[in-house]
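Below you'll find the structure, written out as C-alpha cells, and then a few comments.
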Amino acid sequence: MFNAIFGSFEAGAIYALMALGVYLSFRILDFPDMTVDGSFVTGASIAAVLIVGGMNPFLATIAAILAGFIAGCVTGLLHTKGKINPLLSGILMMIALYSINLRIMGKSNVPLLQEETIFTKLTNFWQSLKIDDAINGLMQMLGMGDSVPKTWGILVVMLLLAYIVKKGLDFFLKTDIGLAIRATGDNETMIRSFSADTDMLKIVGLGLSNAVVAFSGALVAQYSGFSDVGMGIGMIVIGLASVIIGEAVFGAKKIVRATLAVIGGSILYRLIVTMALRVDFLETGDMKLITAIIVIFALILPKINSSRKEKQRKKKRMTQSLDKEQAIKA
C-alpha cells in the first residue's frame, strides 16, 4: 500500500509539469489547447530517439522542450494568422503530431530500459550520497521495513523540479510580457486597444505551454522506460483534472497560489486514481472512466458548495430582515 502511494507521489510530481502547461493555456490564456495530447508524445518521442541514438539524456530533454515550443507556436499561428477556431487549431495540430511522432520514432514504441536516462543518472548520484540508507533505516525502526522504496531521490528531485518550474512560471507571469499574456486571456479587446500585439502574445503563450508539456512527456518516457505513440491520449483531460482538483482543494485567488495548487492537484489526482484502482471491481482499463468521473465531481462539487453557501446567505439575510421588522413593530 505504501509503495503504491509513494509511486503516486512520484508520478504526480512528474505529471505536475504537464498540468502547469495546461494551466498556462486554459486558465491564463483562456485557450482550449488540444495540442497537449500530441506535444506530450512529441517530447517523449524526441527524447527517446535521441537517447537511443547515444545523446546525453539532459540534452535530449532540452531538444524535446524546444520541439514542444515549436508545436505550440504552430497552433498559435493557425489560430492567429490562419484565423482558425482555437479548439479546431489545437485538434488539427494534435492530429498532425500523431503522424509526426510516428515519423520521429519510426515505430509505435521505443524502449529505454537498457538506456541511460536522467533517472538512472539521478538514482546513481542519489545512492552515492547514502541518503536512502538513512531514510530506510529510520523506516525500519518505525516498523515499516517491508514498505521501503528503492530510492527517494526521484521523488525529492521531481518535487524540487516541479517547484522550480512553478517559481519560473510565477516570475514570468509577473514580467511585462507575462502580464500582457494574462491580460490577453482576461480581455483581448482591451489589451489590443493599448496597441499590444495579442497575436504574438498568444503564440508565445502557447509555445511556452507546450514546451512545459513536452518537458513532462520527455521525463515520463524516461521514468516509464519507453515512449509510445498512444501515451498522450486523454492527457489534456488529466491535465484539466489536476488543475480543477487543485483549484477546488487549495484555492486559486493568486497566481502563486494557483500554480502551487496545480502541483498539489496533480499529486491528488494520482492518489485518487491509485486508490480507485484498488477497488475490486475496477481494472487498469477503467482508468479513463475514473478520470472522467473525477473531473465531473471536481466540476460539480464546487458549484454545489457555492449554491449551498448562497442559500445560507439568503436565509441569513431573510432572518435578519424579519428580526428588524419585529424589532420595529415592538
Check your understanding: Of the residues that make up the stretch 73-88, is at least one among the hydroxyl-bearing types (Ser, Thr, Tyr) and open to solvent by 40 Å² or more (accessible area, probe 1.4 Å)?
Key -> no
Check your understanding: List the pairs whose first member sits in the stretch 16-32 and is among the charged types (D, E, K, R), whose second member is at pLDDT below 95, and whose Cβ atoms are under 7 Å apart, counting only residues at least 6 apart or on separate chains?
Key -> 27/243; 30/185
Check your understanding: Does residue 275 satisfy the condition of being over 27 Å from residue 161 (Cβ atoms) and either open to solvent by 90 Å² or more (accessible area, probe 1.4 Å) or within 21 Å of the chain's Cα centre (by Cα) (or both)?
Key -> no
Check your understanding: What do you reckon, is residue 259 over 20 Å from residue 270 (Cβ atoms), in contact with a helix residue (DSSP H, G or I) (Cβ under 6 Å, 6 or more places away or on another chain) and either buried (at least 24 other Cβ atoms within 10 Å of the Cβ) or in contact (Cβ under 8 Å) with a residue 24 or more places away in the chain (or both)?
Key -> no
Practice item. For the stretch 51-63, state whether one or more residues are among the small types (Gly, Ala, Ser), part of a helix (DSSP H, G or I) and open to solvent by less than 10 Å² (accessible area, probe 1.4 Å). Key: yes
Study note, to complete from the structure: Restricting the stretch 281-295 to residues that are out of contact with any helix residue (DSSP H, G or I) (no Cβ under 6 Å at 6 or more places or on another chain) and more than 20 Å from residue 7 (Cα to Cα), the one most open to solvent (accessible area, probe 1.4 Å) turns out to be 281
Point to revise | Hits in the stretch 296-317 (condition: of a type in the set (Ser, Thr, Tyr) and open to solvent by 60 Å² or more (accessible area, probe 1.4 Å)) | key: 306
Revision key, fill the gap. Every listed condition ((1) open to solvent by 30 Å² or more (accessible area, probe 1.4 Å); (2) without any contact (Cβ under 8 Å) to a residue 60 or more places away in the chain; (3) more than 19 Å from residue 69 (Cα to Cα)) holds for residue 177 save (3)
Point to revise | Listing of helices (runs of 4 or more DSSP H) fully contained in the stretch 152-211 that carry 3 or more residues being touching a helix residue (DSSP H, G or I) at 6+ places or on another chain (Cβ under 8 Å) and more than 30 Å from residue 8 (Cα to Cα) | key: 176-186, 188-193
Practice item. State all residues of the stretch 6-38 that are under 26 Å from residue 103 (Cβ atoms) and in contact with a Phe, Trp or Tyr (Cβ under 9 Å, 6 or more places away or on another chain); if no residue qualifies, say none. Key: 14, 15, 17, 18, 21, 25, 33, 37, 38
**Study point:** Subset of the stretch 27-48 (residues that are part of a helix (DSSP H, G or I) and open to solvent by 50 Å² or more (accessible area, probe 1.4 Å))
**Key:** 27
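The values are calculated or read from the model by the stated rules, or taken from the named source; none is laboratory data. Nothing here was measured: the structure is a model prediction, and the numbers come from that model. Backbone-built Cβ (ideal geometry, glycine too); neighbour counts: all protein chains shown. Just the protein is used for accessible areas: all its heavy atoms, side chains included, with ligands, DNA and RNA removed. Shrake-Rupley method; radii C 1.70, N 1.55, O 1.52, S 1.80 Å.
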